[in-house]
Amino acid sequence: MSVAPDVHTHSADVVVIGADQAGLSAGYHLRRTGFAPGSGFVILDGDAGPGGAWQHRWPTLVFDRVHGFHDLPGLPFPPVEPQRPAAEQVSAYFAAYERAFDLPVRRPVRVSAVRSRADRRLDVETDQGRWTARALINATGTWTRPFWPHYPGRSSFRGRQLHTADYRGPAEFAGLRVVVVGGGTSAVQLLGEISTVAAATTWVTRRPPRFRDEEFGPELGREAVARVDEAVRAGRPPGSVVGVTGLPVTPEVRRLRAQGVLDRLPMFDRITPDGVTWSDGRSVPADVILWCTGFRAAIDHLAPLGLRGPGGGITMDGTRVVADERVHLVGYGPSASTIGANRAGRAAVNDIRAWLTPAAALH
């Protein structure tokens, strides 16, 4: 249920920031365990409509190409239409979920800062007024923070530069020479699409890509989660899951390999006005550079709380921030997957419920 925001100051026991998979999972468990919508908890979402980051995915990402999607708790995903855009199907599912459980989602509400008050409550400052809370569940994901690495000469390039977050389909690259940067799943998918219409494509990565021929099973999934969890418990920034699991060898990957599309080059050393160059004298002309270089956690609004350690990471114990027990991060680090987000939402609520006194937590 979307609630029209107003400009007054509000109070809730728990404020959830973000209505993607992790935020909705947290909302479900908050309501299920007795937190009343409004006074007990509220979900603030910066988007104009339901769907979280999924609503912004490129239209050519059909559901058949999505690498795993898990039901939210309490409501199965409807029958999948394999060739329909994933953005449409997931957005419709999230909208139905909000209605089914009457979740108090307010949108669009953009959070600018979270600050600590003298009374140990939290001030959540937004473009639609202020909320105060005893605890915070941050579920803002990464989509709004695309990572653009710096390379010499980038500002001199006369062509177009865009990020995965800006990609809307291959048609706009017809007849152009395109350099795709990045070694993740999205880079391979977009490279495959663009190669069908571009005059030429070049794939560059910092490290040689590691392809995985074996099926992605529970053991590999647990290993990936464990490594990321180890990083955040030690206060290091969470790394890439693909760095642990490798890239799956799908029929499409085999086809692209056979066509030479996945003949990868090492990372270039400099960008020129007309392309990219390497220190050994090699150069590739380009009209477009597509940066498939990933995303970073969208948590700048938490900066006033001083959660980051000396290494730039946030030390975590499960979903709880060690430096501030009032704050939980879900959809972050080891829970940055659809099944991980579900579990993180439940874990955060259980922790918060145990921490808050029953009289304050229940309304």
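Per the listing ARG154, ARG130, ARG134, ARG117, the residue uniquely in contact with a helix residue (DSSP H, G or I) (Cβ under 8 Å, 6 or more places away or on another chain), among the basic types (Lys, Arg), touching a residue at least 12 places away in the same chain (Cβ under 8 Å) and open to solvent by 60 Å² or more (accessible area, probe 1.4 Å) is ARG134. Quick check on my filter: what residues within region 74-88 are out of contact with any Asp or Glu (no Cβ under 7 Å at 6 or more places or on another chain), open to solvent by 30 Å² or more (accessible area, probe 1.4 Å) and not in a strand (DSSP E or B)? Answer for region 74-88, where residues must be out of contact with any Asp or Glu (no Cβ under 7 Å at 6 or more places or on another chain), open to solvent by 30 Å² or more (accessible area, probe 1.4 Å) and not in a strand (DSSP E or B): GLY74, PRO76, PRO78, PRO79, VAL80, GLU81, ARG84, GLU88. Scanning region 102-114 for residues that are closer than 29 Å to GLY74 by Cα and surrounded by fewer than 18 Cβ atoms within 10 Å (Cβ to Cβ) yields ASP102, PRO108, ARG110. Looking only at residues in region 244-276 that are of a type in the set (Lys, Arg) and either open to solvent by less than 10 Å² (accessible area, probe 1.4 Å) or part of a strand (DSSP E or B) (or both), the one that is farthest from VAL180 (Cα to Cα) is ARG270. For region 157-178, a residue qualifies if it is open to solvent by less than 20 Å² (accessible area, probe 1.4 Å), under 24 Å from the mean Cα position of the chain (by Cα) and farther than 17 Å from ARG65 by Cα, and the qualifying residues are LEU162, HIS163. In region 57-102, what residues are among the charged types (D, E, K, R) and within 19 Å of the chain's Cα centre (by Cα)? ARG57, ARG65, ASP71, GLU88 - these are the residues of region 57-102 that are among the charged types (D, E, K, R) and within 19 Å of the chain's Cα centre (by Cα).
Which one of these is out of contact with any Phe, Trp or Tyr (no Cβ under 8 Å at 6 or more places or on another chain), part of a loop (DSSP other than H, G, I, E, B) and modelled with pLDDT of 95 or more: THR201, THR196? Write out each step before concluding.
Numbers: THR201 fails: part of a loop (DSSP other than H, G, I, E, B).
Answer to the selection: THR196.
On the given criteria, is ARG346 in a strand (DSSP E or B), buried (at least 17 other Cβ atoms within 10 Å of the Cβ) and either touching a Leu at 6+ places or on another chain (Cβ under 9 Å) or at pLDDT below 95 (or both)? Against the criterion (in a strand (DSSP E or B), buried (at least 17 other Cβ atoms within 10 Å of the Cβ) and either touching a Leu at 6+ places or on another chain (Cβ under 9 Å) or at pLDDT below 95 (or both)), ARG346 does not qualify.
All of ILE299, ILE289 fail the test of being closer than 30 Å to THR126 by Cβ, touching a residue at least 24 places away in the same chain (Cβ under 8 Å) and open to solvent by less than 30 Å² (accessible area, probe 1.4 Å), apart from ILE299.
Take the conditions open to solvent by 50 Å² or more (accessible area, probe 1.4 Å), touching a His at 6+ places or on another chain (Cβ under 8 Å) and not acidic (Asp, Glu) and apply them to TRP148. Does it pass?
Numbers: open to solvent by 50 Å² or more (accessible area, probe 1.4 Å): yes; touching a His at 6+ places or on another chain (Cβ under 8 Å): yes; not acidic (Asp, Glu): yes.
Yes; evaluated as a whole, the condition is true for this residue.
Residues checked against (1) touching a Gly at 6+ places or on another chain (Cβ under 9 Å); (2) surrounded by 20 or more Cβ atoms within 10 Å (Cβ to Cβ); (3) outside any loop (DSSP other than H, G, I, E, B):
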{"position": "HIS8", "(1), (2), (3)": "yes, no, no"}
{"position": "ALA12", "(1), (2), (3)": "yes, yes, yes"}
{"position": "SER25", "(1), (2), (3)": "yes, yes, yes"}
{"position": "GLY46", "(1), (2), (3)": "yes, no, no"}
{"position": "PRO50", "(1), (2), (3)": "no, yes, no"}
{"position": "PRO59", "(1), (2), (3)": "yes, no, no"}
{"position": "ASP64", "(1), (2), (3)": "no, no, yes"}
{"position": "PHE69", "(1), (2), (3)": "no, no, no"}
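Beta carbons closer than 8 Å, at least 6 apart along the sequence or on distinct chains, pair a first residue in region 170-182 that is aromatic (Phe, Trp, Tyr) with a second that is open to solvent by 30 Å² or more (accessible area, probe 1.4 Å) and not in a helix (DSSP H, G or I) for PHE173/VAL197. With respect to (1) open to solvent by 20 Å² or more (accessible area, probe 1.4 Å); (2) touching a residue at least 40 places away in the same chain (Cβ under 8 Å), the lone exception for THR196 is condition (2).
The values are calculated or read from the model by the stated rules, or taken from the named source; none is laboratory data. Computed from a prediction, not measured in an experiment: that's the story for all the values here. Cβ: placed from backbone, ideal geometry, glycine included. Neighbour counts: every protein chain shown. Note: areas computed on protein heavy atoms with side chains; ligands, DNA, RNA excluded. Shrake-Rupley method; radii C 1.70, N 1.55, O 1.52, S 1.80 Å.
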